[in-house]
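Since the structure comes first, as structure tokens, the remarks are kept for the end.
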Amino acid sequence: MKPKRPACGLCGETGNLTKTPCCNDWICDDADKYVLFSYKTSSCYRNHDRYTLCSYHHKEDHSGKWQDCAECKNDFQLENYVDFATNDFNFEKLANLPKVTIKCVNCGFESNSMQDFSFQTSNSFYCNKKKCQKTIMSY
Ligand SMILES: [Zn+2]
Ligand SMILES: [Zn+2]
Ligand SMILES: [Zn+2]
Ligand SMILES: [Zn+2]
């Protein structure tokens, strides 16, 4: 049973809501209120829109469910695939995925959250540390 009063499936807000085009779930209608460097660093709508397979699958017009879509799996590196399927911007997280450990090629820092790596090339990840971000700038 879903609660009668609609609430954002990600943060629980009941204020200004809209429905996601991909999965038809309630979400904060905050995409256009997002301000760079504002105290609110993220927008529920934007996060779901940009960082989930749910949204990607919908935009690419794949068939079936994203949860068992082979095309989605093919389109991403495993690290990204796992992150897009299990991060907190999902209403429904995919279970039974392999755990991936991502390693910063610059300093060796390891984590299994993509959130800790703000930059990646086709086969390398760079963590959020200033010194590692600097390395990228100097290329
Ligand atoms: Zn929200
Ligand atoms: Zn969705
Ligand atoms: Zn797909
Ligand atoms: Zn690093």
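In percent, rounded to a whole number, the relative contact order of the chain is 13, using alpha-carbon pairs under 8 Å and six or more apart. The fraction of accessible area contributed by carbon and sulfur in the chain is 50 percent, rounded to a whole number (1.4 Å probe; ligands and nucleic acids excluded). Sorted from longest to shortest, the spans of the Cα atoms of the stretch 52-139 along the three principal axes equal 43, 24, 19 Å. Working from label points 7 Å from Cα in the Cα-to-Cβ sense, the residue 123 to residue 111 distance is 2.4 nm. With θ taken as phi - 60° and the Karplus curve 6.51 cos²θ - 1.76 cosθ + 1.60 applied, the whole-hertz 3J(HN,Hα) list for the stretch 102-112 is 9, 10, 6, 6, 8, 10, x, 4, 10, 7, 10 Hz, x standing for glycine and proline. Each residue of the stretch 83-89 was assigned a 3J(HN,Hα) from its phi angle through the Karplus curve 6.51 cos²θ - 1.76 cosθ + 1.60 (θ = phi - 60°); the sequence is 5, 5, 8, 10, 6, 6, 8 Hz, with glycine and proline shown as x. Residues whose amide H comes within less than 5 Å of that of residue 17, counting only those at least five positions distant or on another chain, are 29 (H built at 1.01 Å from N in the peptide plane). Rolling a 1.4 Å probe over the protein heavy atoms gives the chain an accessible area of 66 Å² per residue.
Simple spin-label estimate for residue 137 and residue 93 gives 3.4 nm between the two label positions (7 Å along the Cα-to-Cβ direction from each Cα). Of all beta bridges that DSSP places with both ends in the chain, some 90 percent have antiparallel geometry. Placing unit charges on the Cβ atoms of the charged side chains and taking the dipole of the stretch 1-97 about its Cα centre, the candidate lying farthest along the positive direction among 94, 17, 72 is 17. Rolling a 1.4 Å probe across all protein chains gives residue 61 an accessible area of roughly 130 Å². Put a plus charge on the Cβ of each Lys and Arg, a minus charge on the Cβ of each Asp and Glu, and nothing anywhere else: the dipole of the chain about its Cα centre is then about 460 debye. Listed cross-link partners 93/130; 73/99; 73/103; 73/129; 93/131; 103/134 are compared with a 27 Å cut-off, the Cα-Cα value being larger for 93/130; 73/129; 93/131. Less than 5 angstrom separates the built amide H of residue 87 from none of the residues sequence-distant by 5 or more or on a different chain. Can you bin the stretch 1-97 into rounded, prolate or oblate? Criterion: square roots of the alpha carbon gyration tensor eigenvalues sorted a ≥ b ≥ c, rounded for a/c under 1.5, prolate for a/b above b/c, oblate for the rest. The shape class here is prolate.
Taken one residue at a time, the phi angles of the stretch 67-73 give Karplus couplings (6.51, -1.76, 1.60, θ = phi - 60°) of 4, 10, 8, 6, 5, 4, 4 Hz. Gly and Pro are set to x.
The values are calculated or read from the model by the stated rules, or taken from the named source; none is laboratory data. Note that this is a predicted model, so its numbers are computed, not measured. When we count neighbours, we look across all protein chains shown, and the Cβ atoms used for this are built from the backbone with ideal geometry, even at glycine. Ligands, DNA and RNA are excluded from the accessible area calculation, which covers all protein heavy atoms including side chains. Shrake-Rupley method; radii C 1.70, N 1.55, O 1.52, S 1.80 Å.
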